[in-house]
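Below you'll find the structure, written out as structure tokens, and then a few comments.
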Amino acid sequence: MSPLAAIARRPRIVAGNWKMNKTASEGVALARELVALRAGDPAAARAPRVVLCPPYPSLESVGGAIDGSGVELGAQDLHAETHGAFTGCVSGPMLAAVGCAWAIVGHSERRQLMGETDAMVAAKLRAAQRDGLIPIVCVGETLAEREGNLTEEVLVRQITAAYHGLDAAAARATVVAYEPVWAIGTGKVASPEQARDAHRVIRATLDKVSGAGRGSELAILYGGSVNAGNAAQLFAEPDVDGALVGGAALDAAGFSRIIAAASVGG
Ligand code: PGA
């Protein structure tokens, strides 16, 4: 099945964002442990798509460790250009060449700490697609924005900026991650109702920007303090199609419990 066909049916997806953690050898050990746990899972046939996003220096070796396991490889970011004088940056063709099929774009840490603008996120989304990667487009409000009743406005702005002008087929070949900034790395998870409401705003915005029907076609992941203890409750919400997991993805046993919770009917 092509990635596009799979996404059109709104599969469940669990992606692990390792952030700036794990050397290559530590990453290989973690990936091997996860693959071994997955191999013994009786619900594997109902499992979600699983994506690991290690830091750049670990991509190739982690890719080797998950080769043939069904677990997929993703990058945490990419530069919008294919090559050139951009010291310290990595491009989509480089990521594809080491086996990446996915790329996170617009993570709030990059928006907040590295000054990424909505326009840069839009460019990266298009670059990922140009280079054969499935973008996981991150959006989400800060605590101040939520407390100021600006959540909807922020989500509409971020989604509109990212998807404006993208044709229907291209929009369909993306995944959104709703990650409230106040929930990332804080242990404060959004309630299933908060996630549902945000996902509905995102779906309605996608319908407006990318054409009617897009909103219900796209997988929308929730991210922010997802762990083995709260995942099932989040996945019980029909509008939540999976998770983008940070801290809890660094532990193979816990991450595989999150994957099991996302198994269809699981
Ligand atoms: P967290 O991070 O699970 O550690 O909150 C999620 C993310 O930033 O993608």
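Read the figures in this text as sums done on the coordinates, not as results from a lab. What you see is a predicted model; the values in this text were computed from it and never measured. All Cβ positions, even for glycine, are placed from backbone atoms using ideal geometry, and neighbour counts span all protein chains on display.
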> Any idea which of GLY106, GLY99 is without any contact (Cβ under 8 Å) to a residue 60 or more places away in the chain and away from the ligand (no atom under 16 Å from the Cβ)?
Replying inline: GLY99
> Taking segment 53-86 as the search range and keeping residues that are of a type in the set (A, V, I, L, M) and in contact with a Cys (Cβ under 6 Å, 6 or more places away or on another chain), which one is farthest from GLY99 (Cα to Cα)?
Replying inline: ALA75
> ALA123: small (Gly, Ala, Ser) and closer than 22 Å to ALA248 by Cα, yes or no?
Replying inline: no
>> Kindly evaluate ILE159 against the criterion of being part of a helix (DSSP H, G or I) and within 22 Å of GLY16 (Cβ to Cβ).
In response: no
> If you go through segment 169-187 one residue at a time, how many are more than 14 Å from the ligand (Cβ to nearest atom), among the hydroxyl-bearing types (Ser, Thr, Tyr) and in contact with a Gly (Cβ under 8 Å, 6 or more places away or on another chain)?
Replying inline: 0
> Out of segment 143-155, which residues are more than 18 Å from the chain's Cα centre (by Cα) and buried (at least 18 other Cβ atoms within 10 Å of the Cβ)?
Replying inline: GLU145, ARG146, THR151, VAL154
> Across segment 213-259, what is the number of residues that are at positive phi and among the basic types (Lys, Arg)?
Replying inline: 0
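Which ones in segment 157-175 are surrounded by fewer than 18 Cβ atoms within 10 Å (Cβ to Cβ) and not small (Gly, Ala, Ser)? Walk me through it before giving the result.
Within segment 157-175, the subset surrounded by fewer than 18 Cβ atoms within 10 Å (Cβ to Cβ) is 157, 160, 164-165, 167-170.
ARG157, THR160, HIS164, ASP167 - these are the residues of segment 157-175 that are surrounded by fewer than 18 Cβ atoms within 10 Å (Cβ to Cβ) and not small (Gly, Ala, Ser).
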